[in-house]
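Read the structure below first, then the notes.
The values are calculated or read from the model by the stated rules, or taken from the named source; none is laboratory data. Model, not experiment: these values are computed from the prediction. Heads up, the Cβs are rebuilt from the backbone with ideal geometry, glycines too, and the neighbour counts pull from every protein chain shown. Heavy atoms of the whole protein, side chains included, go into the accessibility calculation; ligands, DNA and RNA do not. Shrake-Rupley method; radii C 1.70, N 1.55, O 1.52, S 1.80 Å.
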Amino acid sequence: MMATRTSSRHAAQKAKEAISNSAEPTGKTTKGTKRKGPTEEAPHPKKEKTEDIKPDEEKAEKASSASVDAPVPGTEEPAKKENAPEEEVAPVEKEEPPVDQEKAPAKKHEPPVEKEEPPAQIEEAPVKAEQPSEERQQPKEQTKEQPAETAPEKSQGIEGGLHKSEERENVVSSNILEKGFIYFFFRPRVNVEDPQSIGDVARSFFVLRPTVLGAEFDQAQGPVDKDASCRLMMLPKKKFPTSPKERDMGFVEKAGQSMQSLHEKFIAGSTYQTATRGERHIEEARPYAEGVYAITSTPRASHLAYILTIPVELGDIQEDFGLRERGSWIVQSKNPKFAGPPIAQLPKDPEFPPSVLAKFEDLRWVPLQPEFLDYPNSQFLMIGEAQNHLGKAASSEGSKQAHEEEPGQELEKLEDENEHRVDALQGDETIYEDLGFHAKNYPKLPTTWNA
């Protein structure tokens, strides 16, 4: 082993002398270049780990001096090796015997220089791949934020499909509990396709479509929103009361339903089979009037007032059902704790929560509040009050504030706006569009039984 180390140092010294004596690289430098790869691979990590220990550093210095003379490859390789120092640690232990470096320089020259190039490319590839991913994520975040910014702007001016005005809401009388659209229907008797009088009517009912208090609309409004929440109110006696002596009990058939849902589940006709009479056909419910309404409150009672917009001229059908161009009823809600008359009892009571039941206290009847109508099977009483005028429903009876208008003034505004909207659309046939019907499939709105 001693002889081997002596011959190795001797050979290294001769190589150093040959390099110092030559001014230009010769064929020997080619051997130095070949040796440069393996010699730099082995001693270079030792400089990083043990800089103070120099057992064989003379060979590294001789090899590095030879690499200085090399033109471009000598400057590129150290930078590439610094990027992947972990790969050079493994060959250190195997290349400690310096004798093997001269025996097989070609084998060690092939992998080190060419295999170290991919690590530099691999490090660059992730950087380029990450940049597009960040750029692609930013537009997604922006598209999610844009709807959030535009949504409040839409909700400021429109609510429930209708334009909303804060100024309008400020002047609405505080004793108007609710306002909106009202629709009147009737359903003919079974298998009666062409009813000739109110005697051919099975039942009448009306639909309340509430709006916000600040709602207003103009000629550009178009049909009302068919997805808005509605209440279906049943009137078993068919005719509305026209004087204080006439009273009629009704109940809420459905609540919180859209007009489209009401049309599909209730208004549309159907066919069924019977054991004795065979096939029976239930006729589709037919609209015969549309208008605006308001539920108002006075110290001793609640009122339901209306003004009709459709039809333009009332006929026998509207008058036979007890309607005029405008009118009002006194309305009361029944306490479900007390049983009603046998003819007006329902198989199921409304599912009022405790907070609503507490408002009835121990009274059989209380002034109607819109909240009571939001529960199916809730019963109410209608008492005739006014015909061709709004009666006490048009007055606040001194309970409004100074800047507020009377309830009758608000109803007049709402009726005027609705009239202009209807004139801009299809006239009386607008009622079909408002209810989600296809007006082309229906005849002109009838006003007489013979139409």
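Structural remarks
- Flag for F372 being more than 17 Å from I307 (Cβ to Cβ) and in a strand (DSSP E or B): no
- Filter result (in contact with a Gly (Cβ under 8 Å, 6 or more places away or on another chain) and assigned to a helix (DSSP H, G or I)) within the range 392-413: A393, A394
- Among the residues of the range 150-175, those that are in a helix (DSSP H, G or I), modelled with pLDDT of 85 or more and surrounded by fewer than 16 Cβ atoms within 10 Å (Cβ to Cβ) comprise E166, E167, E169, N170.
- Residue match in the range 332-353 (condition: among the hydroxyl-bearing types (S, T, Y), outside any helix (DSSP H, G or I), touching a residue at least 40 places away in the same chain (Cβ under 8 Å) and on the phi < 0 side of the Ramachandran plot): yes
- Residue tally, condition among the hydroxyl-bearing types (S, T, Y) and either modelled with pLDDT of 95 or more or part of a loop (DSSP other than H, G, I, E, B) (or both), over the range 264-287: 1
- Residue match in the range 383-391 (condition: open to solvent by 60 Å² or more (accessible area, probe 1.4 Å) and not in a strand (DSSP E or B)): yes
- Which listed residue is at pLDDT below 95, outside any loop (DSSP other than H, G, I, E, B) and open to solvent by 40 Å² or more (accessible area, probe 1.4 Å), from D428, D416: D416
- Scanning the range 204-263 for residues being touching a strand residue (DSSP E or B) at 6+ places or on another chain (Cβ under 6 Å), among the hydroxyl-bearing types (S, T, Y) and not in a strand (DSSP E or B) gives a total of 3.
- Subset of the range 303-331 (residues that are part of a loop (DSSP other than H, G, I, E, B) and not β-branched (V, I, T)): P311, E313, L314, G315, F321, G322, L323, R324, E325
- Criterion: within 15 Å of L435 (Cα to Cα) and crowded, with 16+ Cβ neighbours inside 10 Å - qualifying residue of F266, F217, F240, F251: F266
- Residue in the range 189-197 that is modelled with pLDDT of 90 or more and within 18 Å of A305 (Cα to Cα) present: no
- Scope the range 305-328; condition open to solvent by less than 10 Å² (accessible area, probe 1.4 Å) and under 40 Å from the mean Cα position of the chain (by Cα); matching residues: A305, Y306, I307, I310, P311, S328
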